[in-house]
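One structure is given below, encoded as structure tokens.
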Amino acid sequence: MAAAERYLNMSARDLRLELEEVYADYAGCLDEDRFEDWPAFFTDDCIYKIIPRENFDRGLPLATWRSEGRGGLLDRVVGIRKTMMYAPRYMRRMITGIRILGWQDGELSVRANYLALETLNDETTKVFNAGQYQDKLVVVGEHLRFREKLCIFDTLLIPNTLIFPL
Amino acid sequence: MGDKPAFPDYVWPEGGLSRVPYWAYSDPEIYKREQERIFCGKSWAYVALEAEIPNAGDYKRTFIGDKPVVVTRDEAGGINVFENRCAHRGVQFCQKHLGNTPEFMCPYHQWTYNLKGDLIGVPFRRGVKQQGGMPADFDTKDHGLRKLKVVARNGAIFASFSDDVEPFEAYLGTSMLALYDRVFNGRQIEVLGYSRQLIPANWKLMFENIKDPYHASLLHVFLVSFGLFRADSPSKVQMDPTGRHGALVSWKGEQAKTEALADMKSFNADFKLNDTTMLQPHREFPEFTVVMTTLWPNIIIQQQSNTLAMRQLITRGPGEFELAWTFFGYADDDAEMKQRRLRQANLMGPAGFVSADDSEVMKYSQQGIGPSPDAEGVMEMGGREWQDEPHMVTECAIRSFYDYYRKVMEL
């Protein structure tokens, strides 16, 4: 509880620094191919969705990727590592423009831009997906964790496949 | 067009139905002929769901082959499909995926069309200060947008560039019509959302993929591991009498370790899901759990347990196509069913646990096929001819597709 208090009373500047670190660690985890560590950024009861902006804007519920709970995230990791077939690739995530919308009922609402760059064999690096995170974080133990992460993307026409998390 | 000598070098390989020449996937002349004869020929192309344009003035922008078209709902409730190409200078005037408008105005010179595609306004038609203007005999009736034939059946809309295409029901044939009516059964459709992907492969590879049950239990580790489909599942492959349409149908059978599993290297009984909600189908349709219907020339109707989707093929040249997914349910679905459809949708689309494999492998195909137009593919699984089969160990629906394709293309 003490940690929650600490975050709630934190100055805007300190909170921003905390979030900068959360997002940098998040991007690093994914960019460095440490998918097994990815679910730890979330709460047990999290919801993670990657949604085309056209669906989001029209209030259509379909997500291109929908993971429910940390178990759902782990299943995606099993998919990436064991069951799905895809060409080798690197993905790099740029997270910028973090905006803190504020606390409500113990949840911190944050928005940020992201850009995912994809590099495939025989191809130059391209912008794979551009979008906005609409996140809700809560304090778990000593850390901020995502309870909800929506990746709402502008790139409606996905270049072939979306395999790795954003 | 239409004369064999235009394609002197394009000789279909020996072996007929059991071979496909690789030039068919990459040649620009073949692609051009496909546009003329297949997409603009005597076919009914899928364009929209009625639920996307429920009200007067609603429109959807889409494509048939390469050609941009607009689907509208007019004031009288009628459905219209016309080319998205201004009759004046060819501008693609409609740019939004979906919208509502009382009329369409081309931004370039403000030629204006009503919801049926008739030209209703031409600025400066009488000139300005007695100067210029259109010739006295210019008649707006002669300059409407190119209109297509339209048919709607139980919620889905199809259009044709051909005036003498056969009636839709006859076009589908009895067996395909019955499968179509299973999903489009008169219940009000509700759109759940879209996914779009650009697949760097020839459009025919997508049809082949859905007409090919041979790969399902081999490529898709996910399907096999979690018992959704196996080569020993009870199943069948059906075609219409022309061979152009096809359907893979399967239903739930006993899942046990059998001999067939020995050949499926992808089977791993150890994989377990933490979140099994996406694998909890609810029996919804009679008899079959999965029906994947491919309708010539541009649509796959997917009923995979409780996920329903239209997968529309939009060609973008010989080596690329857009796959536009429209996921849907029924307006009277309860909250649980809606949730189920959204969860199971995780298996499908550009990030689908199952269908991402297909998109990737289609790219691999094009990468292998493209540089070798003189080589050919082999399709002898289940024989060298085609007929309906009560099993999935066959490529008969691909053979039937090319049987019809060759007739239309005169190849």
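Only sites in a loop by DSSP and with at most 15 other Cβ atoms within 10 Å count here; which trypsin sites (Lys or Arg not before Pro) in segment B:323-387 make the cut? Before the final figure, lay out the partial values.
Numbers: sites: B:338, B:340, B:341, B:343, B:363, B:384; in loops: B:384.
Counting only loop positions with at most 15 other Cβ atoms within 10 Å, the trypsin sites (Lys or Arg not before Pro) in segment B:323-387 are B:384.
Kindly point out, ordered by number, any Cys in the protein assembly as shown whose beta-carbon has no other cysteine beta-carbon under 4.7 Å away.
Cysteines of the protein assembly as shown left without a disulfide-compatible partner: A:29, A:46, A:151, B:40, B:94, B:396.
Using bins 5 angstrom wide from zero, how does P(r) for segment B:50-201 break down, in % of all Cα pairs?
Here the calculated profile for segment B:50-201 is 2, 8, 15, 18, 18, 15, 11, 6, 4, 2, 2, 1, 0.
Which parts of segment A:22-46 would a label at residue A:115 reach, counting a residue when its backbone N lies under 17 Å from a point 7 Å out along Cα-to-Cβ?
A:24, A:27-28, A:31
Taking Cα centroids, how far is segment B:387-411 from segment B:284-312 in Å?
A separation of 19 Å, based on Cα centres.
DSSP loop (so not H, G, I, E, B), at most 14 other Cβ within 10 Å: list which trypsin sites (Lys or Arg not before Pro) in segment A:24-117 pass both filters.
A:34
Mind putting together the pair-distance distribution for chain B? All Cα pairs, 10 Å bins, whole percent per bin, short to long.
4, 21, 30, 24, 13, 5, 2, 1, 0
Quick check on chain A: what are the equivalent-ellipsoid semi-axes from the Cα gyration tensor, as sqrt(5λ), descending, whole Å?
Details: eigenvalues 148, 57, 51 Å².
After diagonalising the Cα gyration tensor, the semi-axes are 27, 17, 16 Å.
On a 0 to 90° scale, report how tilted helix A:69-78 is relative to the longest principal axis of chain A, with both axes built from alpha carbons and the result rounded to the nearest 10.
30
Can you give me the orientation-averaged projected area of the convex hull built on the Cα atoms of segment B:362-411, in nm²?
The orientation-averaged projected area of the Cα hull of segment B:362-411 comes to 4.4 nm².
Of all accessible surface on the protein assembly as shown at a 1.4 Å probe, what whole percent is carbon and sulfur?
Here it works out to 50 percent.
Rounded to whole Hz and in sequence order, give me ³J(HN,Hα) for segment B:387-394 from the Karplus expression 6.51 cos²θ - 1.76 cosθ + 1.60, θ = phi - 60°, writing x for Gly and Pro.
Karplus-based 3J(HN,Hα) across segment B:387-394 equals 6, 4, 10, x, 7, 10, 8, 7 Hz.
Which aspartates and glutamates does residue B:252 reach when only Cα atoms under 16 Å apart count, and residues fewer than 8 places away in its own chain are ignored?
Within the straight-line cut-off, residue B:252 pairs with B:232, B:284, B:287.
Which value, to two decimals, describes the C-alpha radius of gyration of segment A:93-157 once divided by 2.2 N^0.38 Å?
1.36
Using only the alpha carbons of the protein assembly as shown, what is the convex hull's orientation-averaged projected area in square nanometres?
31.6
At 1.567 mPa s and 4 °C, plugging the Kirkwood radius over alpha-carbon pairs of segment A:5-74 into Stokes-Einstein gives what diffusion coefficient in µm²/s?
91
Given labels modelled 7 Å from the Cα in the Cβ direction, how far is it in nm from residue A:13 to residue A:124?
4.2
Along its principal axes, what span do the Cα atoms of segment B:60-125 show, with the longest given first and each in whole Å?
Reported extents, whole Å, longest axis first: 31, 30, 16.
Using alpha carbons only, how many degrees (0 to 90, rounded to 10) separate the axis of helix B:396-409 from the longest principal axis of chain B?
That helix lies at roughly 30 degrees to the long axis.
Binning at 10 Å from 0, report for segment B:122-164 what percent of all alpha-carbon pair distances ends up in each bin.
Pair shares across the bins are 22, 29, 18, 19, 11, 1.
State whether segment A:84-123 is rounded, prolate or oblate according to the following rule on the C-alpha gyration tensor (a ≥ b ≥ c being the square roots of its eigenvalues): a/c under 1.5 gives rounded; otherwise a/b larger than b/c gives prolate, and the remaining case gives oblate.
oblate
Grab the beta carbon distance between residue B:331 and residue B:164, set R0 = 35 Å, and tell me the FRET efficiency rounded to 0.05.
Efficiency at R0 = 35 Å is approximately 0.45.
Amide H to amide H, which residues 5 or more places from residue B:121 or on other chains are under 5 Å from it, using H placed in the peptide plane?
Amide H neighbours of residue B:121, under 5 Å, 5+ apart: B:112.
Which of the pairs B:67/B:96; B:32/B:407; B:42/B:96; B:272/B:363; B:147/B:204; B:42/B:149 have their Cα atoms more than 21 Å apart in this structure? Please report the intermediate quantities before stating the final value.
On the way: B:67/B:96 15 Å; B:32/B:407 16 Å; B:42/B:96 28 Å; B:272/B:363 29 Å; B:147/B:204 27 Å; B:42/B:149 11 Å.
Beyond 21 Å between Cα atoms: B:42/B:96; B:272/B:363; B:147/B:204.
How charged is the neighbourhood of residue B:52? Take every other residue with its Cβ under 9 Å from the Cβ of residue B:52, and add Lys/Arg as +1 and Asp/Glu as -1.
Details: positive: B:60; negative: B:50, B:58.
Overall, the nearby charge balance is -1.
Within 10 Å, count the other beta carbons around each residue, average over each peptide in B:170-179, B:45-54, and list them highest first.
B:45-54, B:170-179
Given a 1.4 angstrom probe, what's the average accessible area per residue across the protein assembly as shown, in square angstrom?
I get 42 Å² per residue for the protein assembly as shown.
By a straight-distance test (C-alpha under 15 Å), which aspartates and glutamates pair with residue B:141 as possible cross-link partners, with residues fewer than eight away in the same chain excluded?
Reachable aspartates and glutamates: B:118.
Are there GluC sites (Glu not before Pro) in segment B:269-331 that DSSP marks as loop and that have at most 11 other Cβ atoms within 10 Å, and which are they?
Within segment B:269-331, the qualifying GluC sites (Glu not before Pro) (loop, at most 11 other Cβ atoms within 10 Å) are B:287.
How many partner chain Cβ atoms sit within 10 Å of a residue's Cβ in peptide B:346-356, on average, as a whole number?
Rounded to a whole number, the mean comes out at 6.
The values are calculated or read from the model by the stated rules, or taken from the named source; none is laboratory data. Please read all numbers here as calculations on a predicted model, not as lab measurements. Cβ: placed from backbone, ideal geometry, glycine included. Neighbour counts: every protein chain shown. Note: accessible area is taken over every heavy atom of the protein model, side chains too, but ligands, DNA and RNA are not part of it. Shrake-Rupley method; radii C 1.70, N 1.55, O 1.52, S 1.80 Å.
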